[in-house]
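Data first, discussion second: the structure below is written as structure tokens.
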Amino acid sequence: HQKILWGNQLEVLPAINRYSGVMYDAIDYTSMNQDETLYFDTHFLILSWLYGLLRTQDLIANYKFPVEAQWVTRYWKDILPQALNKLDIDIIIDFLPGSYKKMINWKQVKAHRVEIEFLISKNGKVQKLAHGVKKVKGEYIKNICIEKYTDIKDVPWKYKAHSEKYSVISIFSL
């Protein structure tokens, strides 16, 4: 069995304030205005290895959890589709990294799933973005909150973030 390392269990924070990292830094929730945070809180869920599906304002304790624990994937595989189905969602835009995608048996989910892939063009070849993808995902999510899209048709099919090395495109597939 793997150990879960708990921090101060009395100190709980909203999930959006508990998690950190490159993607969360790029989302920059604290800099959003009230309409943008309301949109984010209403339209986005966080997937946790320990807690499962979380709304952004769900209070959670501080913890450290070994993400390589395979039993966690097996545990959540059939629970998470049921939780998603109860939310009565029509479309899920999936920003999950590969290890998290395995936590959900997508065949049991009723909603249409739209996967996002960020691609780069280097020397005329298109390939999946590996380095920097977390930052680009966060920027893309923040842009969705700023624009407050209400229809999947309005969400940009192409998204470009320029640097010296690449431009990024999002690909939707149902």
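The values are calculated or read from the model by the stated rules, or taken from the named source; none is laboratory data. These figures come from a predicted structure and were not determined experimentally. With ideal geometry, Cβ positions are generated from the backbone for all residues, glycine too; neighbour counts draw on all protein chains shown. In case anyone asks, the SASA skips ligands and DNA or RNA and just uses the protein heavy atoms, side chains included. Shrake-Rupley method; radii C 1.70, N 1.55, O 1.52, S 1.80 Å.
Laid out as a table, the results:
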item: Helices (runs of 4 or more DSSP H) completely within region 15-75 that count 3 or more residues being open to solvent by 20 Å² or more (accessible area, probe 1.4 Å) and under 19 Å from CYS145 (Cα atoms); result: 22-27, 34-43
item: Residues being in contact with a helix residue (DSSP H, G or I) (Cβ under 6 Å, 6 or more places away or on another chain), closer than 25 Å to LYS135 by Cα and open to solvent by less than 70 Å² (accessible area, probe 1.4 Å) - total across region 97-107; result: 2
item: Candidate set from region 108-127 (those that are more than 16 Å from ASN85 (Cα to Cα) and among the charged types (D, E, K, R)); member that is surrounded by the most Cβ atoms within 10 Å (Cβ to Cβ); result: GLU115
item: Residues that are within 17 Å of ILE91 (Cβ to Cβ) and either of a type outside the set (Ser, Thr, Tyr) or open to solvent by 30 Å² or more (accessible area, probe 1.4 Å) (or both), drawn from region 131-152; result: ILE141, ILE144, CYS145, GLU147, LYS148, TYR149, THR150, ASP151, ILE152
item: Single unsatisfied condition, LEU38 versus (1) modelled with pLDDT of 85 or more; (2) over 22 Å from PRO156 (Cβ atoms); result: (2)
item: Some residue of region 160-167 being modelled with pLDDT of 75 or more, of a type outside the set (D, E, K, R) and surrounded by 11 or more Cβ atoms within 10 Å (Cβ to Cβ); result: no
item: Number of the exception - ILE92 against (1) closer than 26 Å to VAL72 by Cβ; (2) not in a strand (DSSP E or B); result: (2)
item: Failed criterion for GLY52 (all others in (1) touching a strand residue (DSSP E or B) at 6+ places or on another chain (Cβ under 9 Å); (2) within 24 Å of LEU13 (Cα to Cα) hold); result: (1)
